[in-house]
């Protein structure tokens, strides 16, 4: 077991190593790097993390992260409100936005159906999606979920929930390899997949 010259350093390493993809050695390097910086730099980082956790909101409409109750995309009148792109998480919104090929609105599910992980439909933002569509004005729902078994199961479930509404349901084209996560797909392929989406079949 590693021994530290300072209990405060050990505490910092322990907290930093709780972040995904960061082991204790990397955490130690980061902690020592912060010690070499001036106090203002460390304070600025600490303040940014605290504000991130306490002040960032989830949009009441689409569940994307936002600084306000309704995010900038949902309040942007230049976007096409008749099309909603359904994604698993915030990273997917960012990935699709970076393609500059989609100009509609989003709906963040907050995950996908995965019985193995104990995640069912009620754990996701599906009811609010159905409610949005039910309010009218939506002509198309694009299911931009990862092409995995869980992603396909979630897409099928949502399409069934939307059957009673007068809305077309499509899925992004399979230019994305089966089993790939959306956020790791290159922007060109992802952009083409959005443009070449296909109708969802039951």
Name the residues in the range 1-29 that are surrounded by 13 or more Cβ atoms within 10 Å (Cβ to Cβ) and more than 20 Å from residue 46 (Cα to Cα), would you?
-> 4
Looking at 82, 114, 78, which is the one that is in contact (Cβ under 8 Å) with a residue 40 or more places away in the chain and more than 13 Å from the chain's Cα centre (by Cα)?
-> 82
Here, helices (runs of 4 or more DSSP H) confined to the range 106-202 with at least 3 residues that are surrounded by fewer than 17 Cβ atoms within 10 Å (Cβ to Cβ) and modelled with pLDDT of 90 or more are 127-134, 149-161
Which one of 61, 93 is at pLDDT 95 or above, under 25 Å from the mean Cα position of the chain (by Cα), surrounded by 12 or more Cβ atoms within 10 Å (Cβ to Cβ) and in the same structural domain as residue 167 (by TED's automatic domain parsing)?
-> 93
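The values are calculated or read from the model by the stated rules, or taken from the named source; none is laboratory data. Not measured: the values here are computed from a predicted model. Neighbour counts run over all protein chains shown; Cβ positions are idealised from the backbone, glycine included.
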